[in-house]
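In what follows, a single structure is set out as C-alpha cells and then discussed.
The values are calculated or read from the model by the stated rules, or taken from the named source; none is laboratory data. Because the structure is a prediction, the values reported are computed rather than measured. Because the Cβ atoms are built from the backbone with ideal geometry, glycine has one as well, and the counts that use them run over all protein chains shown. Surface areas here come from the heavy atoms of the whole protein model, side chains and all, with no ligands, DNA or RNA. Shrake-Rupley method; radii C 1.70, N 1.55, O 1.52, S 1.80 Å.
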Amino acid sequence: MLSAPPSRHLRKLLIANRGEIALRIIRACRELGIATVAVYSDADRAALHVLHADEAHRLGPAPAAESYLRGDLILEIARKTGADAIHPGYGFLSENAAFAEACEQAGIIFVGPPAYAMRMLGSKTRARQAADAAGLPRVPGSVKGLASIEEAHTVAREIGYPVMLKAAAGGGGKGMRAVASDAELASAFSSASSEAERAFGSGEVYLEKLIAQPRHIEIQLLADQHGHCIYLGERECSVQRRHQKVIEEAPSAVVSEDLRRRMGEAAVRLALAAGYTNAGTIEFLVDADFNFYFLEMNTRLQVEHPVTEMVTGLDLVHLQLLVAQGLPLPITQSDVQLRGHAIECRIYAEDPDNNFFPSPGLITQLVQPGGPGIREDCAVYSGWTVPLDYDPMLSKLIAYAPTRAAAIDRMLRALDEYVIGGIATNIQFFRRILTDADFRAARIDTGYLDRLLSQTPVASSAPEPAPDAVVLAAALFEAVSGAPASTNSIPQSESRWKQSGRTGGLRA
Ligand code: MV4
C-alpha cells in the first residue's frame, strides 16, 4: 500500500451536479458544518439545489456539454470560491478519470476514488484482468479485446454458445449482443464494434458466456486511504427496463448470510487490489444456482444508495466526505449489521401508457407521501418546470419496514398518497409490479419487467378513447355515481380526490 496522505480538513465543498443528488449532498454538508457551493445551468436557475446551497454559480446554457460536463469551468469556480473539494454525484463527471486527475493536480479533493483506480476499473477488459488477479469469480470468456473475427470464433467455441459480445468501454447495454451460434457471430461482431466505436470512441469488444436469466445484485463498498475496506451488504437491482433500474431493494431476498459474506469479501479483495478508495459498487450477475460472477465496478455513489443507508443505518455521504479528507473509516466490518428491508422506486416524468415516453414540463400540483418508514429524495416542487435537457427522474421514493412484505405494503400506501399534477409520471405503474405475485415472491431476474410488460394489462376490452376522454369520463362517472371508476389509465385503487386532481392537472 501507498502511504496515506495527511488528512485535510474539508470546510467548503462544491457539488458538481444537480437534482436530488445535489440536494442529498448539500444536506450532508449542513449536518457536518461544511459550506456548500452549487453550480447550475440556465435551465436550473430556479432549481432546489441552487436554493439550498450557501452560494451558487452559473455554468452555462442548458445542454450538459455546455454546463455540468464542463470540468474546466467547474474547477475554475472551485478555485474562485475557495472550495477544498468537489463531489461529482452520479452521472456527468462522476466517472471521468481525467476530471478526477485535474482535481488532484489543482490540489482539490475529488470525492471519489483516485484517477488510476477509475482508469483500471473503467475498462471492462482491464477490470476483468484485475478480477482474475484478485481471485474473483467472473463470467468465462476473454479478458482482452478481440483482435479479429477468427479470434472471436475460437473464443466462442471454447466457452460454448450462447455467448455475449460486449464493449470494453460499454455501459447501459450499448455495444452488447447475444450470439446463439457461429453463423451469427461475424455480423454481431462488426455491428457491436461499430456501435461501441460510435458511442464510446473505442470499438474494443470481448466475449463472455451468456448467463441465462441472471439476477443483478451489487455490493456496496466503502474504503479509506489507510487500507481499510468494508462491504455494506447488497442491493437487488434486477427490476430493470432497457438497462434502467426501476426498483432496487436491500437486502436481496435470495442472498443468504453465507452468500453475502462470500460476495462481500470478493468485492473487498478487488477494491483493495485496485487501490480503490471512497464509495464504490461491485456489480455481480447471480445465476439460478446462486453462482455469482463479477460484472463491473461503478466508481461513484449510486442512485440507489439510500436503500443501503436504510438497512445499515449509515450515512454514505457523511462517510464519503470523511474518507475523502484522509480520515480512517470509523467502523469495521463487524459493526455493519443489516436490519429490516428497504425498497426504492424511481419516480420518472414519463408516460407508461405511451411507451414510457419522457414527459417533462410544469408541475402544477405536488402532494408528497410521508409517514412511518417513508423517505423521499427529491428536488422538484410545485411550480417547477422539469427541464427536457436531463434525465427526467423526479424523485426516489424509499420505503423501510421490518420485513420485505411490510416494505412493499408501505410503498403501496405511499404511492397512493403521491400526487404529481401537470405531467405524466410512472407512479401508478409501480402498483402493477408491487402487487404482482412473482415480484412479491421475489421471483425476479433481469428479464422480469419485460415479461410483466408483455402481458396484457387487466381491464380494457373496447377500443380506447383518447386519454383525456378516459380521465374525464371517469371523473364524471364518479361524480355521478360516487363509486370509483375503473379505466385503463386510472387504477381502481386511486382515490377520488386524487383522480379529480389528476384531471385538473392534465391540461394545465
Ligand atoms: C450479461 C448478461 C448475461 N450474460 N452478461 C446488461 C448491461 C451490462 N451492464 C451487463 N448486462 C448483462 N450482461 C452475460 N455474460 C445479461 C445482462 C443483462 C442485464 C444485466 C444487468 C441488469 C439488467 C440486464 C438486462 C439484460 C441483460
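Placing R0 at 56 angstrom, the Cβ-Cβ distance between residue 334 and residue 213 gives a FRET efficiency of 0.95 after rounding to 0.05. Bridging of residue 144 to lysines at a Cα separation below 19 Å is possible for 124, 166, 174, 209, once same-chain residues fewer than 8 apart are set aside. Relative to the compact-globule estimate of 2.2 N^0.38 Å, the Cα radius of gyration of region 30-104 comes out at 1.06. Just the protein heavy atoms count here, and of the accessible area of the chain at 1.4 Å, carbon and sulfur take up 54 percent.
Counting only heavy atoms of the protein chains, get the accessible area per residue of region 158-240 (1.4 Å probe) and round it to a whole Å² value.
So region 158-240 comes to 35 Å² accessible per residue, rounded to a whole number.
Considering only the chain, what is the antiparallel percent among its DSSP beta bridges, to the nearest 5?
Values: 58 of 73 bridges.
Among the beta bridges of the chain, antiparallel pairing accounts for roughly 80 percent.
Output the relative contact order of the chain, whole-number percent, from Cα pairs under 8 angstrom with separation of 6+ residues.
Details: 1028 pairs, mean separation 64.5, N = 508.
13 percent.
Return the equivalent ellipsoid semi-axes of the chain as a descending list in whole Å, where each equals the square root of 5 times an eigenvalue of the C-alpha gyration tensor.
Listed largest to smallest, the semi-axes of the chain are 36, 30, 23 Å.
Note down the net charge around residue 174, summing +1 for each Lys or Arg and -1 for each Asp or Glu among other residues with Cβ under 14 Å from its Cβ. Neighbour charge sum, excluding residue 174 itself: +1. For region 1-140, the orientation-averaged shadow of the C-alpha convex hull comes to 10.0 nm² (one quarter of the hull surface).
Take the Cβ atoms of residue 241 and residue 180, set R0 to 25 Å, and the FRET efficiency comes out at 0.60.
Relative contact order of region 272-426: 23 percent, from C-alpha pairs under 8 Å at least 6 residues apart in sequence. Sorted on the mean count of surrounding Cβ atoms within 10 Å across their residues, most packed first, peptides 415-424, 256-265 read 415-424, 256-265.
Taking every C-alpha pair closer than 8 Å and separated by at least 6 residues, the mean separation divided by the residue count of region 168-240 gives a relative contact order of 23 percent. Taking Cβ atoms as reference points and 10 Å as the exclusive limit, the residues near residue 34 contribute a net charge of 0, counting Lys and Arg as +1 and Asp and Glu as -1.
Structural size metrics of region 100-247, computed from C-alpha coordinates, are Rg and Dmax of 17.3, 54 Å.
As a calculated quantity, the FRET efficiency between residue 290 and residue 30 at R0 = 45 Å, using C-beta atoms, amounts to about 0.60. Between residue 9 and residue 315, the simple label model (points 7 Å from Cα in the Cβ direction) yields a spacing of 1.9 nm. Each residue of region 241-256 was assigned a 3J(HN,Hα) from its phi angle through the Karplus curve 6.51 cos²θ - 1.76 cosθ + 1.60 (θ = phi - 60°); the sequence is 9, 6, 6, 10, 5, 10, 10, 10, 9, 9, x, 7, 5, 9, 8, 7 Hz, with glycine and proline shown as x. Taking amide H as placed 1.01 Å from N in the peptide plane, the amide H of residue 39 sits under 5 Å from that of 15, 17, 57, each at least 5 places away or on another chain. Among 153-166, 172-185, 316-329, sorting by the average number of other beta carbon atoms lying within 10 angstrom of each residue, highest first, gives 316-329, 153-166, 172-185. What spacing in nm lies between the two simple spin-label points modelled at residue 161 and residue 126, each 7 Å away from Cα in the Cβ direction? Label-label distance for residue 161 and residue 126, simple model: 3.4 nm. Each peptide in 205-211, 449-455, 379-385 gets a packing score, the mean of other Cβ atoms within 10 Å over its residues, and the list from highest to lowest is 205-211, 379-385, 449-455. Work through the residues other than residue 62 whose Cβ is under 9 Å from its Cβ and net out their charges, Lys, Arg +1 and Asp, Glu -1. It works out to a net charge of -4.
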